[in-house]
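J.: Pasting in a structure now, in structure tokens, and then I'll have a few things to ask.
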Amino acid sequence: MILNSFGFIVVLPVVLLLYVAILAFCRNSRYMNMVSAALLTALSYSFFITYQPAGALILFAVTAVTYTFGLIMARRRERGRNSAWLIAAAVLIVAAPLVIFKYSGFISATVHSLLGLPAPEAADALTRLFIPLGISFFTFQSLGYMWDVYRGKISAEKNFLYYMLFVGFFPQIASGPISRADELLPQIRGGRSVGAEDLSEGVRLMLWGFFLKAVVADRVATFVNPVYADYQNFSGATCFLASLFYSIQIYGDFAGYSLIAIGVGRLFGFRLVNNFNRPYFSYSITDFWRRWHISLSRWLRDYVYIPLGGNRKGRGRTYTNILATFVVSGIWHGANLTFVVWGFLHGAVQAVEKFFGLNAEPKSKFAAALRITCTFLIANFAWIFFRMPTLRDACGVLGRIFTLAPGMPLPLSKTNTVLMAIAVVSLVVVEVLQEYFRKVSFLRHPRAAVRCVAIVALLVAIMTLGVLDAGQFIYVKF
Amino acid sequence: MKRLCKWAVATVAAFLAVDFAFGLVMSWVMDHAKGGDTYKINYINRRFDDSLAVMGSSRANHHYVSTLLEDSLGLTVYNCGVDGNGIFLAYCFLNNILAQGRQPAVIVYDFLPSFDLYEADDRQKPLSRIKPFYDIEGMKEILDDLSENEYLKLHLATYRYNSEFLQMLGDAFSPQQHVIRGYKPSEGTITTDFAPPADESGRRIDPLKAEYMKKFADLCRRRGIDLVFVTSPMFFEPHENDNFAELLRRYGGSDLKLLDFRRDSLFTGRKELFADPMHMNNAGATLFSSMLADSLRSLAAARGAE
């Protein structure tokens, strides 16, 4: 289940070979889809059970409940008896595991704190017991499906196997991307094939994902983690540098994961939604959310912002809806006030941008450069709330940044400094080339020999420069 | 698809060829390191032949002046302390030294529960230091204890020298680090006010670290190596509950003794002797090493009398 683990990398080619063999063997059979879907579902659940057996039960329960509600709602809709109470009940039932396992401790602590009472020790017992892997992702994906069925945008999926695969497809189960039913279900239902282009593109995406994760994110983390763990003893400049590097770390980590997931999906013939589009070149926070975690932004727009009224009910209501949507986004990320503040900041800045018309594209290059820098700095300071364990620590880091007090020397060896520089410069160069020059990468060069050399170079870079076995992706805990 | 398969095989073959060549080059570089950590780690694992080994974390690395101890004790001394590491790496070093048919008479171990007993996400740390020596007897078990399937991964040279090759190249062609018989002096003094460290006495014990602590002590007992645990001075006075001696007895064996210098008023709070709250500078290390030499002599005399 951990896409960057040695076990997964060893098992993946074996499983892929089996899958391709089955597709070839059943090519002309009417059972081909069923057989391949059964294999992928079994694989998805096997990976999940290996990692977290109890979590697989929750995944299955959410799948079964949303499948059943989907069918009921479709039938009632056919009979012209679409009712709001049904979708409300369905949402409550489906969201219950998420609330219980992820938020019960937080809710209890907040309520007790508001009442001025000490939180009971058992309040977060369930949260501490375990948080089902990817619960926020598969719950949101299933809720989106139900809403679409309720609104009549899609028809309910009748084949339970296909639906199981839609909710539990292994590359995206841990951290997304959150697929929409109208994108993924037709691919599951339709005739599947894996061509040479799928395989080579899948490998390319995965390799770049591994580079972002191991060479960039985990390398800069070797600087960020010790500084944030002991921020009181580092200077303001060091804390600020750590915040800049954390912005790079979270991007490398999550975009890396998304690319690996999309790449694995592509190996099996599926096209998952792109999750990132060079977000640090955004000219506003509004633009940032069109480029960062695209699948979640879309989900929040379609299933929170628009149902709340979007921008159709006046300016005041629009700003409130933006704020509400981003507070939901914050809470979705984690059961902590730090995430609420992080979401609120993003919502508030977008409301301000909308009010002053700053969400439009800048007209000059200078204005674009200025706004890109400002947007990056706003996102950067907001990440401090995202990263630190408590509001007090987040404010502590911010306070430290704006002091001139000296501190301990940078926790960096010369070698690590060079490795970090290589990682960050490589990332920046590639992103600039892609953003402004639309350069075709060497990995997709028309000449096969060039592609081969590029892949070997990237592999050697990952193996020699990367922090290997650094562990799980940041977003898996959400 | 056939064309893709052909290129896939060619790509894998090219990668393996590069990997093999990289392994040959880095192995040569390691053997020809003139200084720095590369020379030190290679010396410990392949050539160590001294009477006294200092082991432990960065606090061992920066606090024990080997030459001063050598002059005071009349023994050959090598400082095997490595930044950010503890009992896992110390056990590997001892295993590798013994596997070469050599053994120190005395081991001075700088004990710090954060590295030697407490749970922390640090099992990967020793790997970067020992991966190139995976062929030494007894290493497979240790490597697999630290990371699943590690022994399999080590067949790739790019993995073996991962992240270390730049340091190794520097140490072979232009060593920058000042290392004397393994001792790495820290420079500078404390110039800022630091927050005192939190009380760590409630931290959870890592069962694997506890197991390795026991194995380390047992191995020394079996081989007749005189094992002396020391906790070198710290800038801040320790918390009352931080009873390192008790921890050591509980997890290493009731016969283990600790020379604890953390409450020594000669050091506590003296900014001019420390580079940071956890590490003494060269002046502090020199003062401490001469005091330690006296303590070791007294200890040896007492043990002789027993």
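The values are calculated or read from the model by the stated rules, or taken from the named source; none is laboratory data. None of the values given here were measured: they were computed from a predicted structure. Reconstructed Cβ throughout: ideal geometry from the backbone, glycine too, with neighbour counts over all protein chains shown.
J.: Can you tell me which residues in the range B:260-269 are touching a residue at least 24 places away in the same chain (Cβ under 8 Å) and surrounded by fewer than 19 Cβ atoms within 10 Å (Cβ to Cβ)?
T.: Within the range B:260-269, B:262, B:263, B:264, B:266, B:268, B:269 meet the criteria.
J.: Sticking with this one: Of all residues in the range B:127-152 being exposed (fewer than 15 other Cβ atoms within 10 Å of the Cβ) and within 20 Å of residue A:2 (Cβ to Cβ), which is modelled with the highest pLDDT?
T.: The extreme case among them is B:144.
J.: Now for a separate question. So in the range B:1-23, with the set limited to residues that are closer than 17 Å to residue A:464 by Cα and among the β-branched types (Val, Ile, Thr), which one is nearest to the other protein chains (Cβ to nearest Cβ)?
T.: Among them, the one singled out is B:18.
J.: Further question on the same structure: Could you check how many residues of the range B:251-286 are in a helix (DSSP H, G or I) and under 22 Å from the mean Cα position of the chain (by Cα)?
T.: 7
J.: Just checking, how many residues over the range A:394-410 are without any contact (Cβ under 8 Å) to a residue 60 or more places away in the chain and either of a type in the set (S, T, N, Q) or under 15 Å from residue B:194 (Cα atoms) (or both)?
T.: Residues that pass the stated criteria total 1.
J.: So, of the residues in the range B:125-168 that are under 23 Å from residue B:14 (Cβ atoms) and touching a residue at least 60 places away in the same chain (Cβ under 8 Å), which turns out to be nearest to the other protein chains (Cβ to nearest Cβ)?
T.: It comes out as B:158.
J.: Picking from B:186, B:201, which residue would you name as being within 12 Å of another protein chain (Cβ to nearest Cβ) and surrounded by 13 or more Cβ atoms within 10 Å (Cβ to Cβ)?
T.: Selected residue: B:186, the only one of B:186, B:201 that is within 12 Å of another protein chain (Cβ to nearest Cβ) and surrounded by 13 or more Cβ atoms within 10 Å (Cβ to Cβ).
J.: Just need a number here: residues in the range B:61-77 that are free of Cβ contacts under 8 Å to residues at least 60 places away in the same chain and either in contact with a strand residue (DSSP E or B) (Cβ under 9 Å, 6 or more places away or on another chain) or of a type in the set (A, V, I, L, M, F, W, C) (or both).
T.: 2
J.: Consider residue B:213 carefully, then state whether it is at pLDDT 90 or above, under 21 Å from the mean Cα position of the chain (by Cα) and assigned to a loop (DSSP other than H, G, I, E, B).
T.: So residue B:213 fails the test.
J.: Any chance the range B:195-206 includes a residue that's in contact with a Phe, Trp or Tyr (Cβ under 6 Å, 6 or more places away or on another chain) and either β-branched (Val, Ile, Thr) or part of a helix (DSSP H, G or I) (or both)?
T.: The answer is no, given that none of the residues of the range B:195-206 is in contact with a Phe, Trp or Tyr (Cβ under 6 Å, 6 or more places away or on another chain) and either β-branched (Val, Ile, Thr) or part of a helix (DSSP H, G or I) (or both).
J.: For the range A:194-217, state whether one or more residues are out of contact with any Pro (no Cβ under 9 Å at 6 or more places or on another chain) and part of a loop (DSSP other than H, G, I, E, B).
T.: Checked against the condition, which is being out of contact with any Pro (no Cβ under 9 Å at 6 or more places or on another chain) and part of a loop (DSSP other than H, G, I, E, B), the range A:194-217 yields at least one hit.
J.: Still on this model: Confirm whether residue A:368 is within 14 Å of chain B (Cβ to nearest Cβ) and either surrounded by 14 or more Cβ atoms within 10 Å (Cβ to Cβ) or within 21 Å of residue A:221 (Cα to Cα) (or both).
T.: no
J.: Kindly evaluate residue A:335 against the criterion of being crowded, with 19+ Cβ neighbours inside 10 Å, in contact with a helix residue (DSSP H, G or I) (Cβ under 7 Å, 6 or more places away or on another chain), at pLDDT below 90 and small (Gly, Ala, Ser).
T.: yes
Okay, residues lined up against (1) within 14 Å of chain B (Cβ to nearest Cβ); (2) in a helix (DSSP H, G or I); (3) modelled with pLDDT of 95 or more:
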| site | (1), (2), (3) |
| --- | --- |
| A:394 | no, yes, yes |
| A:403 | yes, no, no |
| A:406 | yes, no, no |
| A:409 | yes, no, no |
| A:421 | yes, yes, yes |
| A:430 | no, yes, no |
| A:434 | no, yes, no |
